[in-house]
1. Output the number of the condition that residue 34 fails; it satisfies all remaining conditions of (1) within 20 Å of residue 146 (Cα to Cα); (2) buried (at least 20 other Cβ atoms within 10 Å of the Cβ); (3) of a type outside the set (A, V, I, L, M).
2. Having 1 or more residues that are open to solvent by 50 Å² or more (accessible area, probe 1.4 Å) and over 17 Å from residue 101 (Cβ atoms) is the bar; report the helices (runs of 4 or more DSSP H) wholly within segment 127-216 that clear it.
3. Select the helices (runs of 4 or more DSSP H) contained entirely in segment 1-104, then report the ones holding at least 2 residues which are more than 12 Å from the ligand (Cβ to nearest atom).
4. Among the residues in segment 36-53, are any among the charged types (D, E, K, R), under 20 Å from the mean Cα position of the chain (by Cα) and more than 30 Å from residue 111 (Cα to Cα)?
5. Has segment 251-260 got any residue that is assigned to a helix (DSSP H, G or I), aromatic (Phe, Trp, Tyr) and more than 17 Å from residue 322 (Cα to Cα)?
6. Please report, ordered by residue number, the helices (runs of 4 or more DSSP H) entirely within segment 277-347 with at least 3 residues that are away from the ligand (no atom under 16 Å from the Cβ) and surrounded by 16 or more Cβ atoms within 10 Å (Cβ to Cβ).
7. Assess whether residue 48 counts as being surrounded by 23 or more Cβ atoms within 10 Å (Cβ to Cβ) and touching a residue at least 24 places away in the same chain (Cβ under 8 Å).
Amino acid sequence: MLRVASVEGPFLKVLTGQSSSPAPIWLMRQAGRYLPEYREVRSKVGSFLDLCRNPELAAEVTLQPLRRFDFDAAIVFSDILIVPHALGQRVEFVEGEGPKLEPVSDAKAVAGLKPEGAAKALAPVYETVERVTAALPESIPLIGFCGAPWTVATYMAEGSGSKDQAAARAWAYREPETFQALIDLLVEVSADHLLGQVRAGVRALQIFDSWAGSLPEDQFARWCIAPTKNLVARVKAEAPNVPVIGFPRGAGPLAERYAHETGIDAISCDTSLPLAFLKERLQSRMPVQGNLDPLLLLAGGPELDRQVKTILTILGRSPFVFNLGHGIHPETPIDHVARLVTLVKNS
Ligand code: CP3
């Protein structure tokens, strides 16, 4: 099929509420370990954070998936935990174990964080953005991102990833005022970080709330919806035309409240949400992104073809961005990604 791309390209078209056929596609974690060329760059630098803070190499790995696949957007190579690192918290990525942080779990530790140094510490990300946008055609926009205050706070409080986010949840119940101080600080620094990426050239933003699913409704309203709403309002005050995608992973039916109340422009959905819910409760009011199971992309075969078709049949005629329900699995065969892109582009 002939693609007459507008200058903006199909991804931004969809985010402004228009449908596009075929649907645009990009994948969460599209730059990463499933690509041999990523593993090669990664083996040359010391730590993962060194790679995030090296604009030349971070720009290179951002562009790698675009050279292989016909994706409609790029996402800046960085990490959500670069924000606590920029606040002066000790953050390390231990090979095979994930992130390790010096826990921040009381008022004193929050007071010890250093927001005044954050802009300088985050500057390499903005240089990465400048390098990538200079290399990309107009029709392929670059997405900037941050973690939602709640999700970043769960890592800061726990000192690592966790199954149930117990440290942050218990702190929020026990001492809501001091937990609020941490959340408020994260709203400020994350807004500055998103706006820094906008000034450097990103044309859409995504807020990753990977642990939104661990909160009951009242806590979800207070720690997920309210801070995200403040964050989006701060960004919109300065960058009203840059679309913001929210990703409240695991929120279940609360995704609907999140979509209505946070001020986001589009919602990225995880694999657990039924397609009928996406269509009727979410896509009826804003563009939807998602939600193929990353493990089905890993597995491949006829079931992959079938599910891609099902998703496109249900969601593809209204504003829709094809994506996974969570980040791509590092063991995913490259052929399966190529097959997925072909299926979506030929739909
Ligand atoms: O999507 C992209 O291609 C852009 C880059 C990106 C990374 N992390 C690179 C990365 C983005 C958008 C993220 C977001 C992120 N980081 C989230 C939110 C999305 C999600 O997955 O839920 C979270 C929770 C993190 C925190 C984080 N970073 C963890 C828990 C880990 C360890 C787990 C793992 O996969 O190793 C990381 C490391 C990380 N971030 C890697 C990459 C490519 C792998 C590290 C490596 O290459 O050594």
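The values are calculated or read from the model by the stated rules, or taken from the named source; none is laboratory data. On a predicted model such as this, the values are computed, not experimentally measured, just so you know. Cβ coordinates were reconstructed from backbone atoms using ideal geometry, including for glycine residues, and neighbour counts include every protein chain displayed. Only protein heavy atoms, including side chains, enter the accessible area calculation; ligands, DNA and RNA are left aside. Shrake-Rupley method; radii C 1.70, N 1.55, O 1.52, S 1.80 Å.
1. Here residue 34 clears every test but (1).
2. By residue number, 166-174, 176-200.
3. Hits in segment 1-104: 9-15, 36-44, 55-68.
4. No: segment 36-53 contains no residue that is among the charged types (D, E, K, R), under 20 Å from the mean Cα position of the chain (by Cα) and more than 30 Å from residue 111 (Cα to Cα).
5. The answer is yes, given that some residue of segment 251-260 is assigned to a helix (DSSP H, G or I), aromatic (Phe, Trp, Tyr) and more than 17 Å from residue 322 (Cα to Cα).
6. Passing ranges, in order: 302-315, 334-345.
7. Taking the combined requirement at face value, the residue does not satisfy it.
One line per residue, one yes/no per condition, for (1) among the aliphatic types (A, V, I, L, M); (2) open to solvent by less than 50 Å² (accessible area, probe 1.4 Å); (3) outside any helix (DSSP H, G or I):
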site: 219; (1), (2), (3): no, yes, no
site: 227; (1), (2), (3): no, yes, no
site: 241; (1), (2), (3): no, no, yes
site: 267; (1), (2), (3): yes, yes, yes
